[in-house]
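> I'd like to ask you about the structure that follows.
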Amino acid sequence: MAYFDQEVFIGFTYAICTDNLIYLLFLAVKESKQSQGYGSQILAQVKKEAGVRPCVLTIEPMDEKDASNRNQRLKHLAFYE
């Protein structure tokens, strides 16, 4: 699903939704819109739409110490914690 502020693209989610759960595979916010609360708003919307269904999400593995995007992965982990 795509998310907009007025007509400005903010980001998107890629999820599998079943009667029993929401499996959030990916949440992305446009780089120029990061650190402005949009990611939290999108996640809150996903939770709201889930209702009583649990939300399960995936992030990149943290055990790959030499990953070229390790700092980005740590930032993602901190956001979801």
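> Which lysines have a Cα lying under 17 Å from the Cα of K65, excluding residues fewer than 8 positions away in the same chain?
Those lysines meeting the cut-off are K75.
> Just to be sure I understand, if you calculate Rg/Rh (Cα atoms, Kirkwood Rh) for this structure, which of (i) 0.93; (ii) 0.99; (iii) 1.04 do you get?
(ii)
> For the chain, what % of the accessible area comes from carbon and sulfur atoms, probe 1.4 Å?
Values: 3160 of 5990 Å².
Of all accessible area on the chain, carbon and sulfur atoms account for 53 percent.
> A further question on this structure: Mind telling me which of G51, G39, G11 comes out most flexible in a GNM of the chain, alpha-carbon contacts under 10 Å?
The residue that fluctuates most here is G51.
> Still on this structure, please answer the following. Would you mind working out the magnitude of the charge dipole of the chain relative to its Cα centre, with +1 at each Lys and Arg C-beta and -1 at each Asp and Glu C-beta, to the nearest 20 Debye? Could you put the intermediate results ahead of the total?
Values: 9 positive and 10 negative charges, 27 e Å.
Magnitude of the dipole: close to 140 debye.
> With the other protein chains left in place, how much accessible area per residue, in square angstrom, belongs to the chain at a 1.4 angstrom probe?
74
> What does the charge count near A15 come to, summing +1 for each Lys or Arg and -1 for each Asp or Glu among other residues with Cβ under 15 Å from its Cβ?
Numbers: positive: K47, K48, R53; negative: D19, E49.
Neighbourhood net charge equals +1.
The values are calculated or read from the model by the stated rules, or taken from the named source; none is laboratory data. Everything numeric here is computed off the predicted structure, so don't read it as measured data. So basically every Cβ, Gly included, is an ideal-geometry build from the backbone, and we count neighbours across all protein chains shown. Remember, those area values only see protein heavy atoms, side chains included, never the ligands or the DNA or RNA. Shrake-Rupley method; radii C 1.70, N 1.55, O 1.52, S 1.80 Å.
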